[in-house]
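Okay, structure first, notes after.
The values are calculated or read from the model by the stated rules, or taken from the named source; none is laboratory data. Model, not experiment: these values are computed from the prediction. Cβ: placed from backbone, ideal geometry, glycine included. Neighbour counts: every protein chain shown.
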Amino acid sequence: MNTNDKNHNLSVELGKIHLRNPTMLASGILGISQSIFERLYHENIGGIVTKSISVNPMKGYPNPTVIPLGGGSYLNAVGLSNPGVNAFSKELSQNKTIPIIISLVGSSEKEFSKMVKIFDTLNILGYEINLSCPHVSKMGMEVGDDPEAVNKIVKTVRMNTTNPISVKVGVGSIDVVELARVALDAGANMITAINTLRAMSIDVETMMPILSNRIGGLSGNAIKPIGIRCVYEISKKLEAPVIGCGGVSSWKDVIEYMIAGASAVQIGSVLGSTGPRIFNQITKELKNYVEKKGLRNISEIIGIAHKY
Amino acid sequence: MHTNIDKRRIVRIEETISETPTVKTLVFKDDLSYTAKPGQFLMIWIPRIEEIPMSVMINSKDGYAAVTIRKSGIGSTALFNRKKGDLIGLRGPYGNKFVLKKSYQNILIIGGGTGLVPLLRLASYACKKKIKATIVLGARTKREVFFEKIARKITEKSDSTFLVCTDDGSYGIKGTTVSMMSSLIRENIFDCVFTCGPELMMKGVVGLATENSIPVQASLERYMKCGIGICGSCCLDSLLVCQDGTVFNGRQLSKILDFGISYRDKDGQKINYA
């Protein structure tokens, strides 16, 4: 641990991964540009998860793809748009110090092994496998709802890398704890919970679905209590570190997720109203909380809710 | 948190104005758009087809605003084809604005094509504040000159001037906006240059202003999915056109390596300007 880090009492460990604080960028948000990652790092972010990358570039769905619903909630069906493994590895090729976790998405074991072989040559912290995107066929949730497919994909990634692996799970047709168990048994090191939830919004004036894909994923404030529940259940029943995600917009939400059992917490949709400076603000406020509560390190609160 | 600008409004197109065979202005009533700042944009929903960012055009009627579309892609062509009475959705206006400092007395405004949209709103504000504005509209050829009437109306009751230049000399003064600017700055002292239009034109304007130590502001355009700082599609280096822009000043632009060089495609890959 770097004791010169002025935020040393915020540092957390995710297995082999050390983060200077528990705030992370959630996958899918601002995740395609090294310059943006550097800006986020200057805003004191703990770690960055990239957009989900596939073997080939994906244009995603036509707009509307992201809808602000009000009340700090959002609906999106971006359709996993991303530049593909080759362009993205070039984007990150100069990375030296930014703590980056690459999110991977694919529909076959072969695709995952190909990507990991390329990305393993870069300076990265590890991978997050997206098995829970709720709105793209043959990818994400359709894989996540099939335990045998999850087992095979995680095993494949495990065989091809020594880097830490997190598996991002969501609320699908399989119990989230069971899915996490399958992923960990197959060689994942940790779990990210949760992804967006399948949802829809219709305009009453035109009587038409707003998203071009009609159905998308709900994020933001509305899903936070579900995320808290999932993190609580997974961390209570399984041994591995859990990264909380879903509806985090303030330091209180970060703390709530950590008390539920999260070792780090991802932040995403709120950037639609605050911009990247939210990370600097939250880490300052986390530091105040840690000092006020007399904690030596923020990780002391992880999973305290399990006692009750 | 959620603000009312995020709330989608469905508006009826009340008037269409054909500017050229490929450029059209759609007029609608919307208070938030009426009070939009120069440089801000709306996310325009064309139901079941697309949602695209559009700069907010001024309209002479209280409570009204407009968008001016050049048809090119699927979204802009669909919007172009909308008729009077059709419904479109709006959210926004989003983004920052052109800054008119109190000390400004004489400004130069340089627009290319539909890039004149935010600049006319700016010119209208400037003229109301008794700031002298020289507006230069650049086009390739006579057929592509539009907004002349509205620009003349904005400038007629002030000491501002409106100039047109065409690359081929078929209308107005022969020459590019940058060559016009070059002669104008030799004969006048401008407090600031404001520009919007094709990015390579803006690159030229910003470069010339910077060489001559004239403050400059440019409104940039990029592909966007969200318009609110989530998707990252509109990034120029570490800046987001939707949240940090659309207006950037000369100091910011001098550090942006992507400016006039590249943009991101729908899949996020960098594409170089030809």
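Assess whether B:Ile58 counts as being touching a helix residue (DSSP H, G or I) at 6+ places or on another chain (Cβ under 6 Å), within 12 Å of another protein chain (Cβ to nearest Cβ), crowded, with 19+ Cβ neighbours inside 10 Å and aliphatic (A, V, I, L, M).
Numbers: touching a helix residue (DSSP H, G or I) at 6+ places or on another chain (Cβ under 6 Å): yes; within 12 Å of another protein chain (Cβ to nearest Cβ): no; crowded, with 19+ Cβ neighbours inside 10 Å: yes; aliphatic (A, V, I, L, M): yes.
So B:Ile58 does not fit the description; no.
Among what's in the range A:203-220 and is more than 11 Å from chain B (Cβ to nearest Cβ) and aliphatic (A, V, I, L, M), pick the residue that is surrounded by the most Cβ atoms within 10 Å (Cβ to Cβ).
Looking only at the range A:203-220, we keep the residues that are more than 11 Å from chain B (Cβ to nearest Cβ), and these are A:213, A:215-218.
Keeping just the survivors that are aliphatic (A, V, I, L, M) gives A:215, A:218.
Values: A:Ile215: 14, A:Leu218: 22.
That would be A:Leu218.
In the range B:212-222, which residues are within 19 Å of the chain's Cα centre (by Cα) and part of a loop (DSSP other than H, G, I, E, B)? Don't jump to the end; show me each part of the working.
First pass over the range B:212-222, keeping only residues within 19 Å of the chain's Cα centre (by Cα): B:215-222.
Answer for the range B:212-222, where residues must be within 19 Å of the chain's Cα centre (by Cα) and part of a loop (DSSP other than H, G, I, E, B): B:Pro215, B:Leu220, B:Glu221, B:Arg222.
Among the numbered criteria (1) closer than 20 Å to A:Gly15 by Cβ; (2) touching a helix residue (DSSP H, G or I) at 6+ places or on another chain (Cβ under 7 Å); (3) among the charged types (D, E, K, R), which single criterion is violated by A:Lys152?
A:Lys152 satisfies all of (1) closer than 20 Å to A:Gly15 by Cβ; (2) touching a helix residue (DSSP H, G or I) at 6+ places or on another chain (Cβ under 7 Å); (3) among the charged types (D, E, K, R) except (1).
Against the condition at pLDDT below 95 and surrounded by 16 or more Cβ atoms within 10 Å (Cβ to Cβ), how does A:Ser273 come out, does it pass?
Numbers: at pLDDT below 95: yes; surrounded by 16 or more Cβ atoms within 10 Å (Cβ to Cβ): yes.
Yes: the conditions hold for A:Ser273.
For the range B:223-274, which strands (runs of 3 or more DSSP E) that fit wholly inside it have 1 or more residues that are surrounded by fewer than 24 Cβ atoms within 10 Å (Cβ to Cβ), β-branched (Val, Ile, Thr) and more than 9 Å from every other protein chain (Cβ to nearest Cβ)? Break it down into steps so the answer makes sense when it comes.
Working: elements: B:247-249, B:262-264, B:270-272.
In the range B:223-274, B:270-272 are the strands (runs of 3 or more DSSP E) which contain 1 or more residues that are surrounded by fewer than 24 Cβ atoms within 10 Å (Cβ to Cβ), β-branched (Val, Ile, Thr) and more than 9 Å from every other protein chain (Cβ to nearest Cβ).
Quick one: count up the residues across the range A:17-32 that are buried (at least 24 other Cβ atoms within 10 Å of the Cβ), of a type outside the set (A, V, I, L, M) and either at the interface with another protein chain (Cβ under 9 Å from one of its Cβ atoms) or without any contact (Cβ under 8 Å) to a residue 40 or more places away in the chain (or both).
Going through the range A:17-32, the residues buried (at least 24 other Cβ atoms within 10 Å of the Cβ) turn out to be A:21-32.
Those left that are additionally of a type outside the set (A, V, I, L, M): A:21-23, A:27-28, A:31.
Keeping just the survivors that are either at the interface with another protein chain (Cβ under 9 Å from one of its Cβ atoms) or without any contact (Cβ under 8 Å) to a residue 40 or more places away in the chain (or both) gives A:28, A:31.
Matching residues across the range A:17-32 total 2.
How many residues does the range A:225-249 contain that are buried (at least 18 other Cβ atoms within 10 Å of the Cβ), in a loop (DSSP other than H, G, I, E, B) and either out of contact with any Ser or Thr (no Cβ under 8 Å at 6 or more places or on another chain) or at negative phi (or both)? If you could, list the steps in order and put the result at the bottom.
Let us first name the residues in the range A:225-249 that are buried (at least 18 other Cβ atoms within 10 Å of the Cβ), namely A:226-228, A:230-235, A:238, A:240-249.
So of that shortlist, the ones also in a loop (DSSP other than H, G, I, E, B) come out as A:238, A:240-241, A:246-249.
Checking the rest, the ones that are also either out of contact with any Ser or Thr (no Cβ under 8 Å at 6 or more places or on another chain) or at negative phi (or both) come to A:238, A:240-241, A:248-249.
Of the residues in that region, 5 qualify.
For (1) within 14 Å of chain A (Cβ to nearest Cβ); (2) surrounded by fewer than 18 Cβ atoms within 10 Å (Cβ to Cβ); (3) under 30 Å from A:Val270 (Cα atoms), each residue gets a yes or a no:
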| residue | (1), (2), (3) |
| --- | --- |
| B:Pro21 | no, yes, no |
| B:Ser33 | no, no, yes |
| B:Lys37 | no, yes, yes |
| B:Glu51 | yes, no, yes |
| B:Leu90 | yes, no, yes |
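Can you tell which of B:Ser183, B:Ser103, B:Ser170 is surrounded by fewer than 19 Cβ atoms within 10 Å (Cβ to Cβ), in contact with a Ser or Thr (Cβ under 7 Å, 6 or more places away or on another chain) and either outside any helix (DSSP H, G or I) or at pLDDT 95 or above (or both)? Reasoning before the result, please.
Numbers: B:Ser183 fails: in contact with a Ser or Thr (Cβ under 7 Å, 6 or more places away or on another chain); B:Ser103 fails: in contact with a Ser or Thr (Cβ under 7 Å, 6 or more places away or on another chain).
Only one candidate qualifies: B:Ser170.
Take the residues in the range B:1-19 that are under 18 Å from B:Gly85 (Cβ atoms) and away from chain A (no Cβ under 14 Å); name whichever of them is surrounded by the fewest Cβ atoms within 10 Å (Cβ to Cβ). Spell out how you get there, then give the answer.
To start, the set of residues in the range B:1-19 that are under 18 Å from B:Gly85 (Cβ atoms) comprises B:9-18.
Subsequent filtering for residues that are away from chain A (no Cβ under 14 Å) retains B:14-18.
On the way: B:Glu14: 15, B:Glu15: 13, B:Thr16: 16, B:Ile17: 16, B:Ser18: 11.
Going through the qualifying residues, I end up with B:Ser18.
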